[in-house]
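**Student:** Before anything else, here's the structure in question.
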Amino acid sequence: MKPHRIIWTLTAVLALILVGILGYMGLEGFTFIEALYMSVITLTSVGFGEVHPLSNTGRLFTVGYIVMGFSGLAFASHALVGSIMETVWTGGKERKKMNKKIAQLKSHFILCGYGRVGAAAAEHFKANQVDFVIIEHSVEHCQHIAEQGHLHIHGDATHEETLRAAGIKSATGLIALLNKDPDNLFIVLSARELNPTLHIISRAEDLSSEHKILRAGADNVISPFASAGMRIAEALLIATGRQAGKESLTSQWIEVQKGSSMAGATIEEVSRQMGTRIFGLRRANQDTIFPGPELSLRQGDQLLILQDLGEPQTAGEAIAPHKVVIVDDNPVILRLYSRLLQKAGFIPIPATNGQEGLALILAEKPAVAVIDYILPLLSGIEICKEIRRHPDCAEVKLLLFTADERPEVQQQALAAGADLVIRKGPESSEIIEAVQQVIRNRPAPDA
């Protein structure tokens with residue numbers, strides 16, 4: 001409802017009453033109270049008797065006052081009701097328009113919770129021109145979100161129907177930022193069930209909640225206080241000259257996978273080879289800050305590093321995250337493998353057809369290329385043949401996966417230059433293990 005219309009309506013009614021008061025006091029000699037009473041009962045047409053018998057002049061004034069009052073009140077009522085109807089209509093229309101926009105989103109992000117952390121995340125998404133939807137339970141926060149022009153849903157993010165309304169089936173990622181860890185845990189459980197390929201990051205206040213949320217299906221769990229403490233400590237080291245300044249820094253957890261060259265190596269060796277300091281070690285649900293340099297790593301350990309996104313990798317970073325190009329025309333499989341590879345510490349680069357995949361492999365020269373056998377535009381066999389014609393891609397390992405179990409298909413793939421042929425199966429972890437296997441057999445680049 002528009003405030004100026006309400007003010008105008010009240011002003012018009014008061015003006016009509018004032019005209020009646022002045023008229024009855026001046027023409028009939030009524031007191032103020034008598035004139036006010038006469039004006040109100042005349043305007044409202046309640047039919048009470050006159051205070052005093054009216055003169056002919058008073059009766060003529062009353063007739064004119066009734067006509068004027070009726071017209072004025074009709075106008076005021078029309079403005080007031082119209083304003084209410086416009087508010088209701090506009091609100092419903094805006095909600096329908098917003099819901100339509102949300103339904104059309106693809107590969108967007110869902111932000112659950114709009115506190116201080118959520119507001120900062122939304123502004124970062126907006127600055128990077130990324131599509132996102134906010135789910136917020138507070139009406140007050142929703143009003144602020146609407147003022148910012150963000151797409152949002154007023155509802156409870158722990159309910160499946162709310163997540164569905166936010167387009168979780170077609171979303172790429174979700175951030176759970178509610179204030180209570182049990183609520184974030186429930187969001188992660190529901191989101192992972194609704195979209196198995198979704199990349200999920202959750203907030204956790206208590207350290208004991210991190211493992212539970214990870215087991216529920218989150219890809220990463222972040223404690224705002226721990227992250228803030230690390231950034232503050234890092235800023236102090238830079239300011240005091242204990243460490244060179246870096247830009248575009250981001251924290252990252254890297255897991256020691258089965259068969260990884262990191263297993264058995266010491267913290268000092270891994271830190272030196274990766275070219276970055278290891279700030280934390282997570283082993284058997286226990287976290288250690290600044291682990292000792294002589295400590296040997298085991299399979300399943302997780303390392304917390306501070307990574308410079310703008311710093312190019314050097315040739316000696318043999319165990320730094322490797323690039324893996326994935327070529328598949330099935331978007332569900334593409335997103336699933338991308339998420340699993342990223343969780344395993346790789347940098348996935350997806351492609352949806354043969355020509356796009358070939359161009360990416362030639363441009364990126366990844367450690368491994370995972371290629372589907374049947375693809376639009378170019379087949380997996382054709383990609384392998386073309387890659388092997390380029391000497392600068394000789395070190396790229398080609399992994400072909402197919403549902404065709406015929407021996408001649410495998411022989412044809414190997415003859416075309418594939419390093420490994422894997423049959424498609426229900427266990428997606430086989431692809432990850434195969435990538436790790438070919439990387440272990442990949443010769444280290446010259447220093």
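Nothing in this text is a laboratory measurement; each read-out follows from the coordinates by a stated rule. Nothing here was measured: the structure is a model prediction, and the numbers come from that model. Don't worry about glycine lacking a Cβ; one is built from the backbone with ideal geometry, like all the others, and counts go over all protein chains shown.
**Student:** Rank the residues ASP181, ASP372 as a footprinting-exposure proxy: fewest other Cβ atoms within 10 Å of their Cβ go first.
**Tutor:** Fewest to most other Cβ atoms nearby, the residues stand as ASP181, ASP372.
**Student:** If you don't mind, there's one more thing I want to ask. Pull up all non-local amide H partners of HIS322: gap of 5 or more, or a different chain, and H-to-H distance under 5 Å with H placed in the peptide plane.
**Tutor:** ILE347
**Student:** Could you run the Karplus curve 6.51 cos²θ - 1.76 cosθ + 1.60 with θ = phi - 60° over segment 113-119 and give me ³J(HN,Hα) per residue in whole Hz, x for Gly and Pro?
**Tutor:** Using θ = phi - 60°, the values come out as x, 10, x, 5, 5, x, 5 Hz.
**Student:** Would you mind checking LYS100/LYS169; LYS106/LYS180; LYS323/LYS343 for any pair whose Cα atoms are more than 20 angstrom apart?
**Tutor:** In this structure, LYS106/LYS180 lie more than 20 Å apart at Cα.
**Student:** Can you list the aspartates and glutamates whose alpha carbon sits under 15 Å from that of LYS365, skipping same-chain ones fewer than 8 residues off?
**Tutor:** GLU356, GLU386, ASP392, GLU395
**Student:** Mind ranking 202-212, 27-37 by how tightly packed they are, going by the mean number of other C-beta atoms within 10 angstrom, highest first?
**Tutor:** 202-212, 27-37
**Student:** Short version: ³J(HN,Hα) in whole Hz for each residue of segment 430-440, in order, from phi by Karplus 6.51 cos²θ - 1.76 cosθ + 1.60 (θ = phi - 60°), x for Gly and Pro, what are they?
**Tutor:** 4, 5, 4, 5, 5, 4, 5, 5, 5, 6, 4
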